[in-house]
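These notes concern the structure reproduced below.
The values are calculated or read from the model by the stated rules, or taken from the named source; none is laboratory data. Being a predicted model, the structure only gives us computed values, none of them experimental. When we count neighbours, we look across all protein chains shown, and the Cβ atoms used for this are built from the backbone with ideal geometry, even at glycine. Calculation scope for accessible area: heavy atoms of the full protein, side chains included, ligands and nucleic acids excluded. Shrake-Rupley method; radii C 1.70, N 1.55, O 1.52, S 1.80 Å.
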Amino acid sequence: MALLQPDKACEPIVVVRGLTKHFLVGRGFFRKERAWLHAVDDVSFEIARGEVLGLVGESGCGKTTTGRMLVKLTDPTAGCILIDNEDVAAIGGQGMREFRQTVQMIFQDPYESLDPRMTVFDIISEPLNVNHIGTLVNREERVAYMLSRVGITPPDMFFFRFPHELSGGQRQRVAIARALVVNPKFIVADEPTSMLDVSIRTGVMKLLAELQEDFGMSYLYITHDLAVARYLCDRIAVMYLGKIVEMAGAEEVIKNPLHPYTQALISAVPLPDPAIRRDVPNIRGGVSKPIDPPPICRFHPRCPAARSICSDRDYPDLAEVSPGHLVACHILVAR
Amino acid sequence: MRSLAQHWAIFRESRIGIAGLVVIVCFGVFGMMWPLMFRNVWDPNVYHPVVGFDPTMMHPAAPCRGHLLGTDPIGRDILAQLMFSTGREFLLGVLSAMISVVVGTFIGAMAAYYGGFTDAFFMRLADIVMLFPFVPLLVVVGSLVRLDMFSFAIILGFLEAFGGITIILKAQALQVKVRPYIDAAKVAGGDDLHIIRSHIIPNVLPLSFLYMMFNVTAAILSEATLSFFGVLNIDMSWGMMIHTAETAGYLFDYGRYWWLWLPSGLAITLFCAAFYMVGRGLDEVVNPRLRKR
Amino acid sequence: MDALLKVENFTMHYRTTAGHVKAVDDVTFSLARGQSLGLVGESGCGKTSIAMSIMRLLPYNSEIKSGRVFLGGQDVYSMREEDFRKLRWKEVAMIFQAAMNALNPVYTVGSQITEVILEHEPAASERDARERVAELFCTVGIPEERMDHYPHEYSGGMKQRAVIAMALACSPSLIIADEPTTALDVIVQDKILREMEEIRRKTDMSMIYISHDISVIAEVSDVVGVMYAGKLVEIGPADDIFKRPRHPYTYGLMNAYPSILGEKRDLATIPGEPPNLVFPPEGCRFHPRCDWATDECGTVEPPARYVGPNHSVACYNPFPAPSSGGDRIGVATA
């Protein structure tokens, strides 16, 4: 965590309060009732300047939707997002231009997130181009600098290449350069390494960590892989069916998980050591979709520790059980 | 995605596409020979395609040394007519296809990107245009206003544009719209116009180009049909040549006066087939699944 | 030990417009009955090609340059096509990479598996077959009543189980599972891997697991084979390999990925990118990316050499055995 500006150091770059997204599903022609998928439900968190927050969960838990709302690709149903003290929902016009320079996103699939008909130079200079930043010469310098920063050298050799002429790792590096070219303060990274091969992946992960240090940015790092989150993130938030169930420092979540879901998730991660026999994850049943869920703990049907209070009370709020360690569980909080 | 050179390499593999291209080039050369012949070789009074007349023989004259493809019932040289018309057929086909594809691509991209009312409006319009029978409609239009080649090309282009091509290109644009690089462009700060212009249209363009080839074929055939009915204000075209043979009563004469209708009929067929074949060749470039591996 | 599967000096190329892709090069290994082999490597390293070679399901543009495959003592490629077709599913079955799409959407899951049984056991009646499917569903943990449901009514994990049930249908002696859990979430992956291992232990079946994830391989394999650019660079007992990898690439793979085990540590990067297999590097295919490469590595391909019981490595300078003092691994992390 470097480069904190003294006056702003204390206030977080991202504040999310009660963020909610419901998608309309199954409104058939013959069906009267509408059903809502509660993709993200009443999610609140903060990201400090220079901090990396990992958002971890299984597919369909709402982590990508959360990320998309933060970059204004999806509009929230309810709740508020403040980025750099600006209310994201109220941004428009000139403010939008500034917002796009403050917040950027790196996408999962480097084969799909680069326009196949554009050259590397066009791709990376696009954010400068559409926001009318700098002259052509400035842009060329900036793009060359970014390319060398993401490890694509010599930069001018790559200016007029097309994405199909690059390898997967190089493409993701180009995508990173595009996100960083406007000097953003906050980046949403949506599983940027999950499509890459193992020997390439490490290099990209290290690059992300290095750039974060050097540029003093904050990340929301979305991943399904706890080990990656542990390596890259300062704090980890675990999501289950649209709710954050646990949030704490990265090491704390890995070494001392409290929520039964986090515990199950961690015990299910395969380990690269045949000598270790893991316990069977303590979890029942399978994941369902949160379609019009009752307002009770969403994990309790699968929870090994569930008691009557779990189905009697409204869903548990995140509460601090030890300094910096938040859990949404009636049983743990009552203890 | 591949570069232009690679596209060409794939296209070259397609025999049908190359055959079509060769035929088109031959027509091009044939058409370009007209001004040379007319100015330098042929006597303008005799060989003019519309007002020429050869007083030395009876008409229609069978092919002979002076008239390699014979003359028509009013004494005009068939070969000169054929050559003269080639350039105009190119103009008609390419102009109407260009209009249809440019307009169709733009509307398709808009309809796909905005959805909602824009989409519904243009799709219903396309349904109407497609359901409405073209040829009878144009016969009626042609009898109300005298259509020359140029205005005919424009009308044809717009009718095609608002018809089926919009639906096809919209379907393609819809596939492009959901690709992550569109999201990436939005996050970069691109507005709607930028995304449509810089991302959606370039990625729909290969398919547009393919349909352009098929539209050339459609335009030439429509012109031939309407000229045959004599509703177009066109002094000379391949369709007109058949029309002339027909109105003078030579068309259904058991092939005795074959030089009146066979050269123009063959030209229409070959020309349309050539563009269709190039389209088929391009199809293999655009749709990788069709490719011989 | 009686080897169920033997692959000897197998070399296979794909003909493409760009040239011959040397996808599998001189691969030799064998697998005993009841054993599980884990093949690990990155995409394009030839692990799926080996599986397809064993299944005799290679595409039309493939060309077997040399080598043989023996299954239960029979030479797979000297058999007649029809004879081998009878062995498929009965002797060797495969769980494909895109298992989710391996089920036909217009038939019920039960009927698809019944069909496989009836095709290979003409003596069985339809009722026997359905009973067998019910048993199989029970084995893989799908409720019996789901037999008459269509694939779209199944969740991802359930489809995967159905595909496993289909592979088990004719009780083969070898199942090849190509990335069986790659598309699944960790909790479901864990359950399915446990179930597959349990079935293997109960039935004394052999398994080949193919995965890019070295942790998954560590959990389910008795023997581990590491592939790089079409070569089997290291193969040996899982315990040995994970305790002390001998090949620099194996070492790189193990240290390139973060783990939730132990203390947080720095990651070792493997420089560069996997080679284009139309023009693989001279000598050892890994040498351009190898920190320990010598001149010899760049000229002559290193042969596979035994460095321990059943443990062979294709490297001129393998890491020393755990007992000897020289610790070059320390150099790598520094």
Pick from C:183, C:123, C:167: which is most flexible by mean-square fluctuation in a GNM of chain C where alpha carbon atoms under 10 Å apart are linked?
-> C:123
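Could you tell me what percent of the accessible area of chain C is made up of carbon and sulfur, with a 1.4 Å probe and every protein chain present?
On the way: 7440 of 14550 Å².
Carbon and sulfur: 51 percent of the exposed surface of chain C.
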Chain A - charge dipole about Cα centre, Lys and Arg +1 at Cβ, Asp and Glu -1, debye rounded to 20 | 900 debye
Over its Cα atoms, what ratio of radius of gyration to 2.2 N^0.38 Å does segment C:152-215 give?
-> 1.09
With only helices counted (DSSP H, runs n ≥ 4, each -39500 (n - 2.57)), the per-residue ellipticity at 222 nm for chain C, to the nearest 500, works out to -9000 deg cm²/dmol
Per residue of segment B:95-108, in order, report the coupling 6.51 cos²θ - 1.76 cosθ + 1.60 (Karplus, θ = phi - 60°) as ³J(HN,Hα) in whole Hz, putting x for Gly and Pro.
-> 5, 5, 5, 4, 4, 4, 6, 5, 5, x, 4, 5, 5, x
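What whole-number value in Å² describes the accessible area per residue of chain A for a 1.4 Å probe? Can you show the working numbers first?
Numbers: 13750 Å² over 335 residues.
Here the residues of chain A average 41 Å² of exposed surface.
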Give the percent of DSSP beta bridges with both residues in chain C that are antiparallel, rounded to the nearest 5.
-> 60 percent
Using only the Cα atoms of segment C:213-279, build the gyration tensor, take square roots of its eigenvalues as a ≥ b ≥ c, and label the shape rounded, prolate or oblate: rounded if a/c is under 1.5, else prolate if a/b is larger than b/c, else oblate.
-> oblate
Within a Gaussian network of chain C (alpha carbon springs, distance under 10 Å), most fluctuating of C:30, C:125, C:221 = C:125
Quick one: if you stick a label point 7 Å off each Cα along the C-beta vector at residue C:152 and residue A:206, how many nm between them?
-> 4.8 nm
In sequence order, what are the phi-derived ³J(HN,Hα) couplings for segment A:290-298 according to the Karplus relation 6.51 cos²θ - 1.76 cosθ + 1.60 with θ = phi - 60°, rounded to whole Hz, with x for glycine and proline?
-> x, 9, 6, x, x, x, 10, 3, 6
Residues whose modelled amide H sits under 5 Å from the amide H of residue A:188, counting only those 5 or more places away in sequence or on another chain, are A:104, A:105, A:106, A:220
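Given only helices, namely DSSP H runs of n ≥ 4 each adding -39500 (n - 2.57), what is the per-residue ellipticity at 222 nm of chain A, to the nearest 500 deg cm²/dmol?
Taking each H run of at least 4 residues, the total per residue is -9000 deg cm²/dmol.
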Taking the Cα atoms of segment C:56-162, report the difference between the largest and smallest coordinate on each principal axis, in whole Å and largest first.
-> 48, 31, 23
So for segment B:19-129, what are the equivalent ellipsoid semi-axes in whole Å, largest first, each being the square root of 5 times an eigenvalue of the Cα gyration tensor?
-> 46, 15, 11
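Counting each pair of different Cα atoms once, what's the Kirkwood radius of the protein assembly as shown in Å, rounded to one decimal? It would help to have the intermediate numbers written out before the result.
Values: mean 1/r = 0.0303 Å⁻¹.
Radius from the Kirkwood sum: 32.9 Å.
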Shape of segment A:186-237 from its Cα gyration tensor (a ≥ b ≥ c, root eigenvalues): rounded if a/c is under 1.5, otherwise prolate when a/b > b/c, or oblate?
-> oblate
Hits for chain A under the membrane-span-like helix rule (DSSP H, Cα axial span at least 24 Å, Kyte-Doolittle mean at least 0.0) are A:198-215
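Can you check what the net charge comes to around residue B:170, using other residues whose Cβ is under 12 Å from the Cβ of residue B:170 (Lys, Arg +1; Asp, Glu -1)?
Numbers: positive: B:177; negative: B:119.
So the environment of residue B:170 carries a net charge of 0.
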Mean 1/r over distinct Cα pairs of chain A, inverted to a Kirkwood Rh in Å, yields 21.3 Å
By its C-alpha gyration tensor, with a ≥ b ≥ c as the square roots of the eigenvalues, how is segment A:276-335 shaped: rounded for a/c under 1.5, else prolate for a/b larger than b/c, else oblate?
-> oblate
Rank A:212, B:44, A:170 by how far each Cα sits towards the positive end of the charge dipole of the protein assembly as shown (+1 on Lys, Arg Cβ; -1 on Asp, Glu Cβ) and give me just the farthest.
-> B:44
On a C-alpha basis, how far is the centre of segment C:112-128 from the centre of segment A:265-316 in Å? Whole number, if you could?
-> 39 Å
Collect residues whose amide H, placed 1.01 Å from N in the peptide plane, falls under 5 Å from the amide H of residue C:95; neighbours closer than 5 in sequence don't count.
-> C:176, C:177, C:178
Sum of side-chain charges, residue A:89 neighbourhood, beta-carbon under 9 Å (Lys, Arg +1; Asp, Glu -1) = -1
Whole-angstrom gap from segment A:124-182 to segment B:217-277, using each part's C-alpha centre | 56 Å
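Translational diffusion coefficient of chain B at 20 °C, 1.002 mPa s, Stokes-Einstein with Kirkwood Rh over Cα pairs, in µm²/s as a whole number.
Working: Rh = 21.1 Å.
Reported coefficient: 102 µm²/s.
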Long-range HN-HN contacts of residue B:67 with modeled amide H, under 5 Å | none
How much accessible area per residue does chain C have, in Å², with a 1.4 Å probe?
-> 44 Å²
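Any chance you could run the full-extension gain for residue C:305 through residue C:204? It's 0.36 nm times the residue separation minus the Cα-Cα distance, nm to one decimal.
Working: separation 101, 0.36 × 101 = 36.36 nm, distance 2.98 nm.
Taking 0.36 nm per residue and subtracting the Cα distance, the gain is 33.4 nm.
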With everything on Cα atoms, drop me the angle between helix B:238-247 and the longest principal axis of chain B, reported from 0 to 90° to the nearest 10.
-> 40 degrees
Using +1 on the beta carbon of Lys and Arg, -1 on that of Asp and Glu, and nothing else charged, what's the dipole of the protein assembly as shown about the Cα centre, debye to 20?
-> 580 debye
Restricted to the protein assembly as shown, the DSSP antiparallel beta bridge percent, nearest 5, is 60 percent
How many Å² of accessible area per residue for segment B:1-130, probe 1.4 Å?
-> 52 Å²
With a 1.4 Å probe on protein heavy atoms only, work out how much accessible surface A and C bury together, total over both chains, in Å² to the nearest 100.
-> 3700 Å²
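Assign unit charges at the C-beta atoms only (+1 for Lys and Arg, -1 for Asp and Glu), then state the dipole size of chain B relative to its Cα centre in Debye, rounded to the nearest 20.
On the way: 20 positive and 19 negative charges, 218 e Å.
For this selection, approximately 1040 debye.
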Please state, to two decimals, what the Cα-based radius of gyration of segment B:117-178 comes to when divided by 2.2 N^0.38 Å (N = residues).
-> 1.34
Given B:25, B:90, B:59, which one lies farthest toward the positive end of the charge dipole of segment B:1-91, if we put +1 on the Cβ of every Lys and Arg and -1 on the Cβ of every Asp and Glu?
-> B:25
Taking chain B as a Gaussian network, Cα atoms linked when under 10 Å apart, which of B:217, B:269, B:166 shows the biggest mean-square fluctuation?
-> B:269
Percentage of interatomic Cα-Cα distances in chain C larger than 37 Å | 21 percent
Per principal axis, largest first, the Cα atoms of segment A:128-223 extend in Å by 37, 30, 21
Can you work out the FRET efficiency for the pair residue B:269 and residue B:197, with r the C-beta to C-beta distance and R0 = 30 Å, to the nearest 0.05?
-> 0.15
Using θ = phi - 60° and Karplus 6.51 cos²θ - 1.76 cosθ + 1.60, couplings along segment C:215-220 (whole Hz; Gly, Pro as x) | 5, 4, 4, 4, 7, 10
